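Notes follow the structure.
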Amino acid sequence: MLYPQSNASRTIQDLSGIWSFRLRQEDAWESIAVPASYNDQKPDPAYRNHAGLSWYRTTFTIPSLLRGQRIFLRFDAVTHNARVMINGKEAAFHRGGYLPFEVDLNGLAEPGSMVCLEVEVDNRINHSTLPIGTEGGTAFFGSDNPGITAVEAGKRLQQEKGINLPAFDFFNYAGINRPVRLCSTPKSYIRDITIVPHMSGDIDYTVETSGTGNVHIDVLDANRQCVAKADVPQGTFHIDQPHLWEPWPGIPYLYTARITFGEDCFEQSFGVREVRIDGIHFLINEKPFHFHGPCKHEDSPFHGRGLDQCLNMTDINLYHWLGANCFRTSHYPYAEEMYALCDREGIVIVDETPAVGMWADEHYGWDLAPYHAEILKSLIDRDKNHPCVVVWSLGNEPNTDQLPDKAYDYWHPLYELAHAHDPQNRPVTLVGCQNIYERDKIIPDMDIVFFNRYYGWYNLSGDLETAAYAFRMELDWWADKGKPMVLSEYGADTIAGLHNAAPDMFSEEFQVEYYKTINACLDERPFIAGEMPWNFADFSTCQGPMRVGGNRKGLFTRDRRPKMAAHYFRERWHTMAEKER
Ligand code: BDP
């Protein structure tokens, strides 16, 4: 699905602003900002902890000058399910909270008329959604205390009340989290574009269209000079001695394919870069690439998970400040604006589906696979042309060791699907949790092994010497597997400002010592292709005995102030980048 564009043939009317909102149909309408999560917009536990439906409403007028055009609404993300009503009539239902969808308005509303737009949002999560949630009071870090009569009765009551908690460790921010736009194109239009670049300068492409017209393509360099042309909807054009798209600290050079089809036109940017794996090396443009950068969340005060371009810019500038070159979109697809920014800034992305919370044995009986496959395909369709995206992640920390064959049978077809569906055939991974690695069949089978480990934190807590001993033992086991491996999460909760000369858990000194200890183990191993600390910044989670105002494993606080560990990584990563230059 193409990203909305306003140009000589297409228009966009951004519907961002203050809409009307209510949590229950019998309530009066209140005011709400769009786009943003609703949860933190009012100091009211009913907003914060709501589980169920909620309603958004706004009005807009379709300009008369759009007569004769194809007119549609484009929702970038409504979390998690959306039912869209146009002038009181149901126009669309969309399942899934982090990917875009369009609602065709032709036949539903006339140019020149005012439209009433209502969106019914469902934020409930359960065994048939991605991410996974639980009905009742058992959260990610909650304690079950099974067998205690009174606690069991309490849990039953919570179930009756409809308490709905995440099976994952981030707050279930909900609502219209990303922009809603009224868009138009000519009636005959460019439906999709696929670009597959090669370092030789040969660029394979496909333009999909609807209606009648001729396709023409001009390929522009960064100075908007034409460097190639094509006149058929599918084929290969050639750029002589192309500038490559290189991750930071290289130059992330971007070209633009300016496509016309009848009256329609569209500009698609792309980078010339290749990605492949060779033994223990992950290669970008045939050079070994070392992933170093913290994983992220879309999370901030006020906005929750809502799009905030200033925050995204600030974060990417902090990545530059750190000398970081990558992040993973833990644990769901991010807003499209972030990928466009990373294309420009040379920050590499590991792009993840919202498959998180799949740690129960029963998971493999829930038959999520068809829906999961659909989401994976939509993610690839959305992000396929971004040079910054170099790996697909099928999901985060599922149960893969307890029922290793079932896990294999679930995940392997998704792995194959990602390869078959991605025109650029990027490497594929599934992020593994700390588990009985000797039993695991699927994680070691991925193109590149992403493994999350918390030696010294969740286990062997605080004893860093023993943590290093244990981690080294595990690394010995992986050493002869012949695959590149990325430590895709490791970290320690740290309260900013808590200091201790003898480093103990939760102090800033401990976080630094923890990273120094684990990094020393990584530095000895040639098959380690990267380190991705958990997390870039502190972030909000649901309440629980393990979380003091959220997850505190950030290198930065939630308002982006560096902890000591941020300074430590800054030194380490800039030194690494100097050597790689
Ligand atoms: C990992 C999860 C991540 C958590 C992290 C933690 O992948 O979502 O936030 O642990 O516990 O298991 O901090």
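The values are calculated or read from the model by the stated rules, or taken from the named source; none is laboratory data. Small disclaimer: the values here were computed from a predicted structure and weren't measured. Every residue, glycine among them, receives a Cβ derived from its backbone with ideal geometry; neighbour counts consider all protein chains shown.
Table for the structure above
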{"read-out": "Complete set of residues in region 83-100 that are assigned to a strand (DSSP E or B) and free of Cβ contacts under 8 Å to residues at least 40 places away in the same chain", "value": "ARG83, VAL84, MET85, ILE86, LYS89, GLU90, ALA91, ALA92, PHE93, HIS94"}
{"read-out": "Those residues of region 322-335 which are basic (Lys, Arg) and not in a strand (DSSP E or B), in sequence order", "value": "none"}
{"read-out": "Residues (surrounded by fewer than 23 Cβ atoms within 10 Å (Cβ to Cβ) and either hydrophobic (A, V, I, L, M, F, W, C) or in contact (Cβ under 8 Å) with a residue 12 or more places away in the chain (or both)) located in region 491-502", "value": "ASP493, ILE495, ALA496, LEU498, ALA501, ALA502"}
{"read-out": "Subset of region 152-195 (residues that are of a type in the set (Lys, Arg) and either in a loop (DSSP other than H, G, I, E, B) or touching a Gly at 6+ places or on another chain (Cβ under 9 Å) (or both))", "value": "LYS155, ARG156, LYS161, ARG178, LYS187"}
{"read-out": "Filtered residue count, region 101-133, keeping only those that are assigned to a strand (DSSP E or B) and of a type outside the set (Phe, Trp, Tyr)", "value": "13"}
{"read-out": "Test: residue in region 313-332 that is over 23 Å from PHE569 (Cβ atoms) and modelled with pLDDT of 95 or more", "value": "yes"}
{"read-out": "Positions within region 5-17 being surrounded by 15 or more Cβ atoms within 10 Å (Cβ to Cβ), more than 25 Å from the chain's Cα centre (by Cα) and part of a loop (DSSP other than H, G, I, E, B), in sequence order", "value": "SER9, ARG10"}
{"read-out": "Residues satisfying the stated conditions in region 532-554, i.e. within 30 Å of LYS483 (Cα to Cα) and either free of Cβ contacts under 8 Å to residues at least 60 places away in the same chain or out of contact with any Ser or Thr (no Cβ under 9 Å at 6 or more places or on another chain) (or both)", "value": "PRO533, PHE536"}
{"read-out": "Criterion: more than 24 Å from the chain's Cα centre (by Cα) and of a type in the set (Asp, Glu) - qualifying residue of GLU578, GLU531", "value": "GLU578"}
{"read-out": "Residue among ALA566, ALA520 that alone is assigned by TED's automatic domain parsing to the domain that holds ALA501, more than 16 Å from the ligand (Cβ to nearest atom) and surrounded by 23 or more Cβ atoms within 10 Å (Cβ to Cβ)", "value": "ALA566"}
{"read-out": "Single match in ILE86, ILE148, ILE132 (criterion: hydrophobic (A, V, I, L, M, F, W, C) and surrounded by fewer than 16 Cβ atoms within 10 Å (Cβ to Cβ))", "value": "ILE148"}
{"read-out": "Residue in region 314-321 that is under 22 Å from the mean Cα position of the chain (by Cα), among the charged types (D, E, K, R), in a helix (DSSP H, G or I) and in the same structural domain as ALA566 (by TED's automatic domain parsing) present", "value": "yes"}
{"read-out": "Search result, residues across region 403-440 that are buried (at least 20 other Cβ atoms within 10 Å of the Cβ), within 16 Å of the ligand (Cβ to nearest atom) and aliphatic (A, V, I, L, M)", "value": "LEU430, VAL431"}
